[in-house]
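The structure appears right after this line, and notes come after that.
The values are calculated or read from the model by the stated rules, or taken from the named source; none is laboratory data. This one's a predicted model, so the numbers in the text were calculated from it and none came from an experiment. So basically every Cβ, Gly included, is an ideal-geometry build from the backbone, and we count neighbours across all protein chains shown.
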Amino acid sequence: MRVIVGETGWASGSTVKYATPKLAGEYIYNLAERLRNNVGTPLKPNWPVETFIHTLYVQDKNNNGLYKWYGMFYPNGSPANPFLNL
């Protein structure tokens, strides 16, 4: 039995230079393209990749928490980044 668990993501904001909505959107878009094309990872290109959304909504009230900058949508339902129209 093969079990592999990992977590990945891209923050849409913070004090870090590369944590922007644009780069987070590009990350999500490219991940979705890999899934659509059934492309595995660079190390295992023929293995199927199953993906689960961990943080669907930006937790804007969690001011000090890690998940403040992750999420695909704002609580009002609008996209959190410009490339989310998949």
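Output the number of residues of region 37-86 satisfying the condition of being at pLDDT 80 or above and among the basic types (Lys, Arg). Here the count works out to 1. Restricting region 1-30 to residues that are at pLDDT 80 or above and of a type in the set (Lys, Arg) leaves a set whose member that is farthest from PHE52 (Cα to Cα) is LYS17. Taking first residues from region 25-46 that are loosely packed, with under 12 Cβ neighbours inside 10 Å and partners that are of a type in the set (Gly, Ala, Ser), the Cβ contacts under 7 Å between residues at least 6 apart in sequence or on separate chains come to ASN46/GLY40. Of the listed requirements (1) closer than 19 Å to ASN81 by Cα; (2) of a type outside the set (Gly, Ala, Ser); (3) at pLDDT below 80; (4) more than 10 Å from the chain's Cα centre (by Cα), ARG34 misses just one: (3).
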